[in-house]
């Protein structure tokens, strides 16, 4: 009996002792915002749980003792802490996480002209790094931005491959291209200058879709692509990227970093060469323009007291390109027997920034570029020279903890001369180069009403000697109820003076006669955007959704009439209005295993409405603006430092310029351009990559019309040409370049 009693007491004491386990609970946060679905683990015990949507967690029945607690969440650094369980009372244990360096919030400048984190910017800014562009390597920026949803590099000529960049269906001249915030690429350089920007000098590319006129001038009506070049201080000592394709295209990107005293510099070079004329569609014309291009880039960063900014950059570009009949050679330039389009381009740029050595944050920026184009389109010469000087000063002032003021002044001077009627005197007898000074002032107030609400209001005033004062107001609002949701809305106006001979390649080919019906008035636009950003973190993946609705209304839009007379282009202000509207959706899924998926789609409706002679309103769909388009990217990391990237773009039908009674369809088909790449990383900074571009081998069925009569010598032949077709190069919706393999190597030394 005594033994049984003792055994009972022993068991009871054991249960009491075992019942004296502890528990912990608390919140997982990042900057006092809850982190949902974080994994909390007691390493020694193997016990684990997960935080709820409020970041709360609870672990119970923990024996007394000392433990290591680990917290992990996608996008954050693993957190390890020591915790002692020495009481049966619930122990409160809150944990603050740090964001993973690889997922740190990007710093952007384009939306507000100030360095702010992307999440706090009231203006939606998309950021793309070289890592993104390396998933489908290209030799220049023009091709690289084609991977961005809503951004479309449009080839405008099947012979010389001139192109521009469309944002949300709006033509290239509505897109402002900046380098380090400076309007370097404009007017004449929009035709061929884009292909001269190498990827080697890019630190990141920031894209703002929609109005930004109050900061960057009245011509940024459709959007901005701001190329931020590498900071020499952060650049690698040596960088090399070399690749070639089975079409015998060769590209070399190289840079080296150096330091002299308090100055750090980077010297970069890009060389692209393609000299293999191919005619796979058997029309006796080169499928792809032959090119020989070199771009040299040099940037210096100067160390100053209190980390004040001072930098200077220069770039030189030379390009020789030609396309045409297979027996054409550059020494046949201007020939009326063998058709060819030959373009020599020389370009010099200087960009600088200097912060004044005073307590206030006052910055000065300047840029200068000189662009010379010497070209022949068949027997039609086009020779033009442009110089653009730009200087800007602005004061970045934190008035109160909630108000930031940006106040600045700009002056832009453009000198342009060519051999077209565009620079003739009023009597048409003498040449009269265009000198266009454009002074302006701007002001912007960013008001952080509270942590969840931000309001931005801006206004810009420019003065044009021909059109007087130009007013460009802008307003933007951001609502962020929590860290995973943000709504941004913006509205602004735009103003643009058109130079036909630098913006519309159709005016240069000589295939059609250019008619300017009346004195052209400047275009005006009213633009609005609504953006919603959603982040859904779970235990196994993070889903990010970015949706944007856009609407632009144009008056005085300048349009080219290709239909009234097939042998002419008639330019006039639209007697009506034009509208660009739609919605763009981007999704990004990052899994807790090495898989990342990005999917994008855009629906847009871009058209003009104009009254005819009878007062009937007619609607015309814009050329080269598909209603549906998008992109996709799937990246997966394999063992032993292998990775696979599957990328591509897709497009729905787009309206194309056709001739009267044209046998070619007025709308392009649905199509996709898909690419695949495999990369192997080695020690000491080496990478080898290779793959196939356009793996589905998609090539447009139709391209040139009457390629056998490029000089239109037999247009009026009633038997051979009953429909009076003329030679035409503008029917284009995809590059005439099928599947091709590529192989490359990269080397980086820090």
Length-normalised contact order for region 257-335 - Cα pairs under 8 Å, 6+ apart - percent: 29
Space enclosed by the convex hull of the alpha-carbon atoms of region 601-750, per residue, Å³: 186
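Highest mean first, what order results for 728-736, 536-544 on Cβ atoms within 10 Å? Each step should come with its number before you reach the end.
Numbers: 728-736: 22.2, 536-544: 15.6.
By packing density, highest mean first, the sequence is 728-736, 536-544.
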Label-zone membership for region 582-617, site residue 642, 7 angstrom Cα→C-beta point, backbone N under 18 Å: 594-596
Burial order of peptide ranges 170-178, 362-370, 119-127, 230-238 (average beta-carbon count within 10 Å, highest first): 170-178, 119-127, 362-370, 230-238
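In percent, what relative contact order does region 436-485 have, based on Cα pairs under 8 Å that are 6 or more apart in sequence?
So the answer I get is 35 percent.
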Full-extension gain in nm, residue 589 to residue 308, via 0.36 nm per residue minus C-alpha separation: 97.3 nm
Segments 139-151, 25-37 sorted - mean Cβ within 10 Å per residue, highest first: 139-151, 25-37
Taking all pairs of distinct alpha-carbon atoms in region 260-316, Kirkwood radius in angstrom: 14.9
Descending semi-axes in whole angstrom, ellipsoid equivalent of region 373-457, from the Cα gyration tensor: 46, 15, 11
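Just rank 704, 407, fewest to most, by other beta-carbon atoms within 10 angstrom.
407, 704
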Equivalent ellipsoid dimensions for region 257-381 as semi-axes, Å, which come from the Cα gyration tensor, largest first: 45, 15, 10
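Laboratory data are not the source of any read-out in this text; all were calculated from the coordinates shown. Computed from a predicted structure; not experimentally measured. So basically every Cβ, Gly included, is an ideal-geometry build from the backbone, and we count neighbours across all protein chains shown.
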